[in-house]
Amino acid sequence: MGFPTGRTEKLYLSHLHSDHFDGLGELMVGAWVGGSRTSPLPVAGPPGVAEITSGFNAAYRIDSTYRMAHHGPTVANPAGYGLAPEVIEVPAGPGGRAVLLDEGDLLITAFRVDHAPVEPAYGFRVDYKGRSAVFSGDTVYSEKLIEMARGADILFHEALHPEMVAAMSAAASEAGAAPLSKVFADILDYHASPVEAARSAQSAGTGRLVIYHIVPPLPSKLLYPYFLKGTGEVYSGPVNVAEDGQIYSLPASGGAPGPKLVPG
Ligand SMILES: [Zn+2]
Ligand SMILES: [Zn+2]
């Protein structure tokens, strides 16, 4: 999508489910070579993050020797190869949060969400010059998230559509795919529904709701109205279904306009 991965300075992982880190290897290479890094790329995440980073470092080690041999140390500096873990600890209990970055006008805060049995799982709030965006990570409906999303300009909230996934579970069962049927049934209990995401946005008073981490994936925009059914009744602000390549900006002048697409 044309993002300048070479300018990546740091990465935050909300939790350690594979769908949230499986792109790390290529990002690591892009940041290393594209940015001519002289130190490993920091990756902050819940306890256990070091196991993930050392696994990627090992998996890409052979590839890194080819790149060093081919591009030379100015571009592929051996000292800049790899990922460096940092553990994010967020105190449990009400009010628990952790400031991850407080630099100039930029403030990034982590908080706990409920994605049991994934423990801990985090959401993030980013504040910059009076504008703010909150990322739910993966969670069920969460009062903690609502508290942290209070007054945010944009809430990016995950959602799973229970009826659609229940139908997939039944279809898999009928087709004799028992393990798949069980997976579809199991995941119902650790995600929020689109209506719950909308209820959270309303309670928190956020300026816009962007639903991401869409389950199941929607192959056509024709399904958006069905997926979003009921959200307009509980949330008075604008709602978007996130798509690859969308960029949401928060102009200093105010407002939370709809998405633009990455050029090209
Ligand atoms: Zn997850
Ligand atoms: Zn996920």
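The values are calculated or read from the model by the stated rules, or taken from the named source; none is laboratory data. What you are looking at is a predicted structure, and each value in this text was computed from that prediction instead of being measured. FYI the Cβ positions are ideal-geometry reconstructions off the backbone, even for glycines, and counts take in every protein chain you see. Ligands, DNA and RNA are excluded from the accessible area calculation, which covers all protein heavy atoms including side chains. Shrake-Rupley method; radii C 1.70, N 1.55, O 1.52, S 1.80 Å.
Of all the numbered requirements in (1) open to solvent by 30 Å² or more (accessible area, probe 1.4 Å); (2) modelled with pLDDT under 95, G245 misses one, and that requirement is (1).
Once the stretch 208-222 is narrowed to residues that are touching a strand residue (DSSP E or B) at 6+ places or on another chain (Cβ under 9 Å) and open to solvent by 40 Å² or more (accessible area, probe 1.4 Å), the residue that is nearest to ligand 2 (Cβ to nearest atom) is H213. Only one entry in G55, G45 is within 16 Å of ligand 1 (Cβ to nearest atom) and either in contact with a Pro (Cβ under 6 Å, 6 or more places away or on another chain) or modelled with pLDDT of 95 or more (or both), namely G45. Flag: A121 does not match the condition of being touching a residue at least 40 places away in the same chain (Cβ under 8 Å) and surrounded by fewer than 18 Cβ atoms within 10 Å (Cβ to Cβ). Scanning the stretch 12-48 for residues that are crowded, with 19+ Cβ neighbours inside 10 Å and within 16 Å of ligand 2 (Cβ to nearest atom) yields Y12, L13, S14, H15, F21, L24, G45, P46.
Y212 satisfies every condition listed in (1) closer than 30 Å to A252 by Cβ; (2) among the hydroxyl-bearing types (S, T, Y); (3) touching a helix residue (DSSP H, G or I) at 6+ places or on another chain (Cβ under 9 Å) except (3).
All of (1) away from ligand 1 (no atom under 16 Å from the Cβ); (2) in a helix (DSSP H, G or I); (3) under 28 Å from D114 (Cα atoms) hold for E86 with one exception: (2). Put simply, of S249, S200, S253 the only residue that is polar (S, T, N, Q), under 30 Å from Y128 (Cα atoms) and in contact (Cβ under 8 Å) with a residue 24 or more places away in the chain is S200.
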